[in-house]
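The values are calculated or read from the model by the stated rules, or taken from the named source; none is laboratory data. Please read all numbers here as calculations on a predicted model, not as lab measurements. Cβ: placed from backbone, ideal geometry, glycine included. Neighbour counts: every protein chain shown. Accessible surface areas use protein heavy atoms only, side chains included; no ligands, DNA or RNA. Shrake-Rupley method; radii C 1.70, N 1.55, O 1.52, S 1.80 Å.
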Amino acid sequence: MKTELNTVFTREELEEYFASYVGMEGGNPDAPVWFCDSSPHPRAESLVAPLVPLAQPSAWDTAYRHKHRDHMERWQSHQKIARIMAAARAHFFHLSLGERDWKHYFDHHLYAPHGAEFKLSLFPLPARLINQTPWSKAFRGQPELVPKQRYLELCRDGQRFAFIDRIRRLWKPKVVVCLGERHADDFMQAFGLGHVRGADHILQPADLPKTLRVLEHDGTTWIICPALAGAAGLTSDVLLDAMGQYIAGWLGPGDFPALCSGADVC
């Protein structure tokens, strides 16, 4: 992540930039299922002048998949989301889940322009920078971004979290899967859930049980779950399949596009 030399971004410029779809994988915002992570992958957009807000969400269309075809096999967290969605679809339609079904879903349907899911991030800049560059070094000379806590507070109290709440109210997804319970307070704040009482659901297939926090408000259900990595995360195929089966309970017949081979037309 590099900033353009001699360019100091003002708070107003950053607020306008962050209050957009920047730092989000995208997909179909009208989809029934949203996945929300705390921050994007390190390969996300660089912070360079002039800052241009992303007014429309991106998606994994044919051009995107062709451009990144040599790297996608290493994107493990997205592959796990594809497994969750493939399992949800199989459960809903009472189909057997083949061992490679998730791969087909990942290769052709995940985050497609008219697909069944949308991927967003609470914070617009990667938490881990390319080459492990320290935050203070990467953004030296940017008073609104250094120290990092100032950047986080800018997003929480400024327009980033307000934008997330606004697009949720606009699109009203059926389910928002929030990845990483250690970010629960930020999920609650970003989606305006401070007054909503939740309940715990225990996800316990063959693996050790995992606790999900479930909240319902304004036609949307939020599921705050463990991250998709780490010893305590949703990392096994059994847990991912169980998660897909669980969220299938909120979905309907028209929520999954026909699984053809072209993401642009599915």
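The helices (runs of 4 or more DSSP H) falling completely within region 43-121 that include 3 or more residues that are closer than 30 Å to E13 by Cβ and out of contact with any Gly (no Cβ under 6 Å at 6 or more places or on another chain) map to 62-67. Within the bounds of region 75-84, is there any residue that is charged (D, E, K, R) and in contact (Cβ under 8 Å) with a residue 40 or more places away in the chain? Within region 75-84 (the criterion being charged (D, E, K, R) and in contact (Cβ under 8 Å) with a residue 40 or more places away in the chain), the answer is yes, since at least one residue qualifies. Within region 239-261, restricting attention to residues that are open to solvent by 20 Å² or more (accessible area, probe 1.4 Å) and at pLDDT 95 or above, the residue that is farthest from P173 (Cα to Cα) is D241. Each residue in region 18-42 was checked for being aliphatic (A, V, I, L, M) and not in a loop (DSSP other than H, G, I, E, B), and 1 pass. Checked against the criteria, F187 counts as under 16 Å from the mean Cα position of the chain (by Cα) and in contact (Cβ under 8 Å) with a residue 60 or more places away in the chain. Within region 193-214, one or more residues are touching a His at 6+ places or on another chain (Cβ under 8 Å) and under 25 Å from V22 (Cβ atoms). H201 meets each of the listed conditions (1) part of a loop (DSSP other than H, G, I, E, B); (2) surrounded by fewer than 19 Cβ atoms within 10 Å (Cβ to Cβ) apart from (1). Quick check on my filter: what residues within region 163-184 are in a helix (DSSP H, G or I) and either of a type in the set (K, R) or open to solvent by 40 Å² or more (accessible area, probe 1.4 Å) (or both)? Listed by number, the residues that qualify are R166, R168, R169, L170, W171, E181, R182. Note on region 9-64: residues that are closer than 14 Å to L120 by Cα, among the hydroxyl-bearing types (S, T, Y) and open to solvent by 30 Å² or more (accessible area, probe 1.4 Å) total 1. Cβ separations smaller than 6 Å between residues 6+ apart or across chains give the following pairs from region 207-236 residues that are modelled with pLDDT of 95 or more and charged (D, E, K, R) to residues that are surrounded by 15 or more Cβ atoms within 10 Å (Cβ to Cβ) and not in a loop (DSSP other than H, G, I, E, B): K210/L203; R213/I224. Among the residues of region 140-155, the ones that are assigned to a helix (DSSP H, G or I) and open to solvent by 60 Å² or more (accessible area, probe 1.4 Å) come to 4 in all. Contact map, region 1-20: first residue modelled with pLDDT of 95 or more, second residue open to solvent by 40 Å² or more (accessible area, probe 1.4 Å) and in a loop (DSSP other than H, G, I, E, B), Cβ cut-off under 6 Å, separation 6 or more or different chains; pairs are R11/E144; L14/E144; E16/P53; Y17/P53; S20/P53; S20/L54.
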